[in-house]
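Heads up, the thing below is written out as structure tokens.
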Amino acid sequence: MAKKGFLLNAKVCGNCLTPEGLAPKLSACSRCGLVVYCSRDCQRAHWKSNHKQNCVAKADRVPQRQQPLSTQVNDASSAVLAGEKCAICQDLLTNASSACALPCKHVFHGTCVADLRKFGVEHACPLCRTSLSPGSEESFVEATRRYTVIRRLVKRGEASWSDLPASAQREVDAAVNGWRAAADEGFVSAQCNLGLVFEHGLGVLQSHEAAAQWYRKAADQGHMVAQCSLGGLFDEGLGVAQSYEVAAMWYRKAADQGMSNAQYNLGVMFTQGHGVAQSYVEAARWIKKAADQGEKDAQLSLGSLYSDGLGVVQSHSTAAAWYKKAAVQGNATAQHKLGYAYEVGIGMSQSDKEALRWYRKAAEQEYAAGQLAVGIFYEQGRGVEVNFSEAARWIKMAADQGETDAQLNLGYLYSGGFGVVQSHSTAAAWYKKAAVQGNAVAQHRLGYLYEVGIGMSQSDKEALRWYRKAADQGHAQAQLAVGVFYETGREVEQNSSEAARWVKKAADQGHSNAQAYLGSL
């Protein structure tokens, strides 16, 4: 199960995550002004679930300032480490997260500054009266507007983040500066956006360290996207010391607010036992929360849990239902699994026609297993008329992606000249590609070609080498072949006991020729 990331979006509903543009109207929380909602129902649900304890009124928010990223100076942290006192109350600064550094270098307790803000000290340092930046909300809105223009330019393919035209780069720089001005005032959405652009290098020099710093500021204010993204950095050890425990903590904070990405990621942590006690029951619980919100990767994972009976009562029909939900959303893996369910009739009525339809959807997304399945259906005439040329075309697509069973099947097609010009040497080349990757059937087939000298120069030495590789994986036909080589003394000293040992391995698997041969030893 792969974890999910989160990409930049200017504004989304704090409850259902409907993005700006898809919702009729996004209205901000009247108290904090930081979270927006698409409806009163979403606002009520979010307030009850978590926002109530994280909502901080504008007048009470702690302003936090950070020096420009290029200088990498954190005055608040430095003041704490130096044992300095708050310039207002004269108490020691004991915690960097509670300290506030203004551009004039004066450092205060955030609560002290907040108290002064209540009395109208809004736009200047309360000690030296140095002017502060424009309002955080205004800075954020203007910065987002400018950045969105460039983002759309990149989305249309007219530019790339790694090579923006000079005019576009100036707009991005202005947007980042605007977000930083708002972020320095504690505006949580600006802090999160800075984390996103620095994490992915979207118009700025990529820096996971800077991303982690900005995500942390927003996460500490309860911003669920920042919490999930910060969890991802700790999960991968990007910009921070890798820690599954810390990653799980941040995922849980965002998951508790209803964020589907975080719920899915936390569920994956429970399946793997990373940072939490391994528990399929807990994994299924969190993954289902995400799946119920339409998270397609979670729907796929939940289907797998039902298929295997992990953390839930095994049910192939329920598994198929979840696969279908993800498949309809375009998840290629789910489309392939759904195709397989139709093919073998597990969890739903068997139907080659439906199986081929879903296999083809996955194949059209360049999903190798789906391409192989489509090719085999054309080869066998299942749900479609037999067409070896079409079979070879699809199977080669999968083989070119390194799918070993596709490489093996393509070898068969070239060996027999089905849908392609017959070529034993080309067949041998495809067998070898699969054999090198450990495909036992291909290893045995390659050994046979070396033994009889078809498609390559005859070599008992190479034949035995590949037979042995397949035999070590339990391939019965190869085990018999190795036994015969020992019995006849080809490329090894004649050894009847060793021959009997290998032939018995094959006989024990029910191989009739090995059983007959064993009787003659």
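Where residues in segment 255-303 are among the small types (Gly, Ala, Ser) and outside any helix (DSSP H, G or I), which of them is nearest to Ser317 (Cα to Cα)?
Here is the first cut: in segment 255-303, the ones among the small types (Gly, Ala, Ser) are 255, 258, 260, 262, 267, 273, 275, 277, 279, 283-284, 290-291, 294, 298, 301, 303.
Then keep just the ones that are outside any helix (DSSP H, G or I); that gives 258, 273, 275, 277, 279, 294.
On the way: Gly258: 27, Gly273: 28, Gly275: 32, Ala277: 29, Ser279: 23, Gly294: 19 Å.
Here the residue is Gly294.
Would you be able to say whether some residue in segment 309-325 is of a type in the set (Lys, Arg), within 29 Å of Glu385 (Cα to Cα) and more than 19 Å from the chain's Cα centre (by Cα)? Working first, answer last.
Of all residues in segment 309-325, those of a type in the set (Lys, Arg) come to 324-325.
Those still in the list that are within 29 Å of Glu385 (Cα to Cα) too: 324.
Retained after the next criterion (residues that are more than 19 Å from the chain's Cα centre (by Cα)): 324.
The answer is yes, given that some residue of segment 309-325 is of a type in the set (Lys, Arg), within 29 Å of Glu385 (Cα to Cα) and more than 19 Å from the chain's Cα centre (by Cα).
Being in a helix (DSSP H, G or I) and over 23 Å from Phe418 (Cα atoms) narrows it down to one residue among Glu390, Glu343, Glu379; which is it? Spell out the reasoning first.
Details: Glu390 fails: over 23 Å from Phe418 (Cα atoms); Glu379 fails: over 23 Å from Phe418 (Cα atoms).
After ruling out the rest, the residue left standing is Glu343.
Only one of these conditions is not met by Asn513: (1) surrounded by 15 or more Cβ atoms within 10 Å (Cβ to Cβ); (2) part of a helix (DSSP H, G or I). Which number is it?
(1)
Checking the conditions here, which among Arg468, Arg501 is within 39 Å of the chain's Cα centre (by Cα), on the phi < 0 side of the Ramachandran plot and part of a helix (DSSP H, G or I)? Lay out the reasoning, then the answer.
Values: Arg501 fails: within 39 Å of the chain's Cα centre (by Cα).
Arg468 is the lone residue from the list that is within 39 Å of the chain's Cα centre (by Cα), on the phi < 0 side of the Ramachandran plot and part of a helix (DSSP H, G or I).
Got a number for residues in segment 311-327 being out of contact with any Gly (no Cβ under 9 Å at 6 or more places or on another chain), surrounded by 15 or more Cβ atoms within 10 Å (Cβ to Cβ) and not small (Gly, Ala, Ser)?
Taking segment 311-327 and keeping what is out of contact with any Gly (no Cβ under 9 Å at 6 or more places or on another chain), we get 311-314.
Right, trim to surrounded by 15 or more Cβ atoms within 10 Å (Cβ to Cβ) and you get 311-312.
If we keep only those that are not small (Gly, Ala, Ser) too, we end up with 312.
Selection size over segment 311-327: 1.
Report, by residue number, each residue of segment 139-178 that is charged (D, E, K, R), under 20 Å from Ser189 (Cα atoms) and without any contact (Cβ under 8 Å) to a residue 40 or more places away in the chain. It would help to see each step written out before you state the result.
Just the residues of segment 139-178 that are charged (D, E, K, R), to begin with: 142, 145-146, 151-152, 155-156, 158, 163, 170-171, 173.
Then drop every residue that is not under 20 Å from Ser189 (Cα atoms), which leaves 142, 145-146, 151-152, 171, 173.
Glu142, Arg145, Arg146, Arg152, Glu171, Asp173, listed by residue number.
What's the number of the condition Gln314 fails, among (1) touching a Ser or Thr at 6+ places or on another chain (Cβ under 8 Å); (2) among the polar types (S, T, N, Q); (3) touching a residue at least 24 places away in the same chain (Cβ under 8 Å)?
(3)
Does Ala166 satisfy the criteria of being at pLDDT below 95, over 31 Å from the mean Cα position of the chain (by Cα) and hydrophobic (A, V, I, L, M, F, W, C)? It would help to see each step written out before you state the result.
Values: at pLDDT below 95: yes; over 31 Å from the mean Cα position of the chain (by Cα): yes; hydrophobic (A, V, I, L, M, F, W, C): yes.
So Ala166 fits the description; yes.
Tally time: how many residues in segment 220-258 are buried (at least 24 other Cβ atoms within 10 Å of the Cβ) and more than 26 Å from Gln278 (Cβ to Cβ)?
Total meeting the criteria: 3.
Report the residue count in segment 488-498 for those that are surrounded by fewer than 14 Cβ atoms within 10 Å (Cβ to Cβ) and either basic (Lys, Arg) or assigned to a helix (DSSP H, G or I) (or both).
3
May I ask you to verify whether Lys217 is in contact with a helix residue (DSSP H, G or I) (Cβ under 6 Å, 6 or more places away or on another chain), modelled with pLDDT under 95 and buried (at least 21 other Cβ atoms within 10 Å of the Cβ)?
Answer is yes for this residue.
Quick one: which helices (runs of 4 or more DSSP H) sit completely within segment 399-464 and have at least 3 residues that are modelled with pLDDT of 95 or more and within 26 Å of Arg490 (Cα to Cα)?
Details: elements: 404-416, 424-436, 440-452.
Per the criteria, 424-436, 440-452.
From Gly474, Gly519, which residue is within 39 Å of the chain's Cα centre (by Cα) and either surrounded by fewer than 21 Cβ atoms within 10 Å (Cβ to Cβ) or in contact (Cβ under 8 Å) with a residue 12 or more places away in the chain (or both)?
Working: Gly519 fails: within 39 Å of the chain's Cα centre (by Cα).
Answer to the selection: Gly474.
Kindly provide the set of residues from segment 227-241 that are of a type in the set (D, E, K, R) and under 13 Å from Ala262 (Cα atoms), ordered by number.
Filtering segment 227-241 for residues of a type in the set (D, E, K, R) gives 235-236.
Asp235, the sole residue that qualifies.
The values are calculated or read from the model by the stated rules, or taken from the named source; none is laboratory data. Treat the numbers as computed from the prediction; the structure is a model and nothing was measured. In this analysis, Cβ positions are derived from the backbone assuming ideal geometry, glycine residues included, and neighbour counts consider all displayed protein chains.
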